[in-house]
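Below: one structure, written as C-alpha cells.
The values are calculated or read from the model by the stated rules, or taken from the named source; none is laboratory data. Predicted model, so just to flag it, every value in this text is computed and none were measured. Heavy atoms of the whole protein, side chains included, go into the accessibility calculation; ligands, DNA and RNA do not. Shrake-Rupley method; radii C 1.70, N 1.55, O 1.52, S 1.80 Å.
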Amino acid sequence: MVLTLKAWLWNRKQGRGLRSMRARLARTQRVNRRVMQSLIASQVAAAEKEEQIRRVREEMELLFIANVLDDVWVHDCLFEVENDPLMRTAFQRINYQIPGRRNTANMNPTRTFTGRHHRNGPP
C-alpha cells in the first residue's frame, strides 16, 4: 500500500494527536496521584493532631480534678487544726511568748446570736 504525501501527513498528525493526548493523560494522572498522596498525608496529620488534642484535654481534666481534691484536703486539714483544742492552746502559748504579735487562734472568734444584727460592728 502506497501512501500519498497527504495521507502520510494526516496519519502523522493523528499520531501526534494521540501521543499528545497520552502525554496529557499521563501528566493528569501524575498530578492526581500527587494530590491524593498530599490529601492522605494531610488526613494522617489531622488525625494525629486530634489524638494529641484529646490526650492534652484528658491530662488537663486530670490536673483539674487533682487540684480540686488538693483544695478539699487542705481545707479539711485546716479545719481539723483550727478545731483541735490542743492546737488552739499551742497557738495561744506561741502568741503569749511573742509580744506584739496578733492572736492567730482568735482572729475570727465565733460569736453567738444575741438578737438583732448590727451592721456597724459587733453587739
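All but one of (1) modelled with pLDDT under 90; (2) assigned to a helix (DSSP H, G or I) hold for Leu3, so report the exception by its number.
Every listed condition holds for Leu3 apart from (2).
Just checking, how many residues over the stretch 89-103 are modelled with pLDDT of 80 or more and open to solvent by 90 Å² or more (accessible area, probe 1.4 Å)?
So the answer is 1.
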